[in-house]
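The values are calculated or read from the model by the stated rules, or taken from the named source; none is laboratory data. Values in this document were obtained by computation on a predicted structure and should not be read as measured data. FYI the Cβ positions are ideal-geometry reconstructions off the backbone, even for glycines, and counts take in every protein chain you see. When the accessible area is computed, the model is the full protein with side chains, heavy atoms only, and any ligands, DNA or RNA have been set aside. Shrake-Rupley method; radii C 1.70, N 1.55, O 1.52, S 1.80 Å.
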Amino acid sequence: MTGYSRAFKSLWAGEVISEFGGAAGTIVNGLLLYELTGSREWMGVLWLVYFVPSLLLQGVSAPFLNHVRKDRMLRRIQLIRAGAYLLPLGGFFMGNEAGVIAGLVVLQIVLGLLQPIFASLSFSLLPDLCTEDELANANGLLDGTLRLMGFLAPGVTALLLLVLPMQWIHGVSALLFFLSFLALSKLPSFPKQQLTPWTKKFWWAELKEGYISFFRHPRLFKLTVLSSTVSFAVGATLVLSVPFIRGVLKGEAWEYGVFKGAFPIGYVAGMVLLTKLAKSERTMYIGLIGGGLSFVFLYFVQSVPLAWLCEAFGGLLFPLFNAQNAAIFQRDAPRNRLAQLSAVRLLFLRSAMPLGILFASVPFFDWNIRYSYIGIGLLIVLPGMYSLYSTFTRGKQVKFFTFK
């Protein structure tokens, strides 16, 4: 962290605190709703009211993101999210279970609506806070730390539940989002002159122009599609991982917990590895291929420890692709449309995940779980191998960044 600007450290701190608070809150949302209702249907409603509005807003918000003060909008979002986490707590103080459930539903709607805006704006703000040479490492550091928070949050939340009533965790999450707001207050204020002027076009014309602009950059589109295959695989593993460890490999519950933790631990190691390697197309595609192979290898494993190794291997290599991919997008996209194009990119990535869930949930050709793993692995590996091969056919390898 010593080589980065104070502004980047503020964004990093704000995002890390936010991720931890959100992960802790998500765990308690489900636990609290199930305790009140005992219903799987209500659990489904809880995720639908998060996911459906989120995707809808993701698809239509792109025209507006170029015309807002990013630093100011990020801070406002964190204040709104902090307030929203107090809604279920308010229902609890009123002693009304219906009020608690209503608070949880409204909380999920607010989180679903604000998360894509926050992610798109923070992604597009990064090039203003880092030099071009720092972008890949900065993306790797940010992505790896956020994944680590997602890994640590369940354990810390479990410890908090030993000493605090469940509903009080919402108060902890609200406090963490307020602390994130304070961290983001250290971001520099960008003058209004840097904002892209509103063209006064009708919303649909502006929206269409944004999507056309995205498809006019074939390299950005290609990298977005490759990232979407990874999101597709992540969605599929949400369905496959439990029956694979507990059913196919006959593992215990704690062994499944280690399996879920192996990937983020490997990802943190991959983030460190990224700082030691030259940033090039070939290392990026090697990371993509290696990460895809980690799914293919699960087809062959016959023991839980080998499955752990596969997950850690995937976590080690995926940062080589993810961080450099993000840095290329941030560098090559037109700066005056970066926020808008980032929203389109995120829409592709977030839409691929439910498709992966659907793929893993509906049996195709009587595939078992092992065939599903090899299928999603090859979906990543084959395009990655073609992309890697294209770097050799073009001749000399192209460097993304120059280093002193």
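Observations, loosely collected:
- Segment 338-366 - residue that is surrounded by fewer than 23 Cβ atoms within 10 Å (Cβ to Cβ) and at pLDDT below 75 and, of those, nearest to the chain's Cα centre (by Cα): 361
- Residue that is farthest from the chain's Cα centre (by Cα) [pool: residues in segment 254-285 that are open to solvent by 50 Å² or more (accessible area, probe 1.4 Å) and aromatic (Phe, Trp, Tyr)]: 254
- Test: residue in segment 308-319 that is closer than 16 Å to residue 226 by Cα, modelled with pLDDT of 90 or more, of a type in the set (Gly, Ala, Ser) and surrounded by fewer than 23 Cβ atoms within 10 Å (Cβ to Cβ): no
- Residue list for segment 238-249, restricted to those being over 11 Å from residue 354 (Cα atoms) and not small (Gly, Ala, Ser): 240, 242, 243, 244, 245, 246, 248, 249
- Cβ pairs under 9 Å, 6+ apart, first in segment 58-86 and over 30 Å from residue 99 (Cβ atoms), second at pLDDT below 80 and of a type in the set (Val, Ile, Thr): 66/196; 67/196
- Residue under evaluation residue 67, criteria (1) touching a Phe, Trp or Tyr at 6+ places or on another chain (Cβ under 6 Å); (2) modelled with pLDDT of 80 or more, criterion not met: (2)
- In segment 238-253, the count of residues that are in a helix (DSSP H, G or I), within 14 Å of residue 376 (Cβ to Cβ), touching a residue at least 12 places away in the same chain (Cβ under 8 Å) and open to solvent by 20 Å² or more (accessible area, probe 1.4 Å) is one or more.
- Qualifying position, being more than 19 Å from residue 268 (Cβ to Cβ), touching a helix residue (DSSP H, G or I) at 6+ places or on another chain (Cβ under 6 Å) and without any contact (Cβ under 8 Å) to a residue 60 or more places away in the chain, among 110, 163: 110
- Meets criteria (over 20 Å from residue 358 (Cβ atoms), in a helix (DSSP H, G or I), at pLDDT below 85 and hydroxyl-bearing (Ser, Thr, Tyr)) for residue 256: yes
- Within segment 226-237, tally of residues that are out of contact with any helix residue (DSSP H, G or I) (no Cβ under 7 Å at 6 or more places or on another chain) and either of a type outside the set (S, T, N, Q) or open to solvent by less than 20 Å² (accessible area, probe 1.4 Å) (or both): 0
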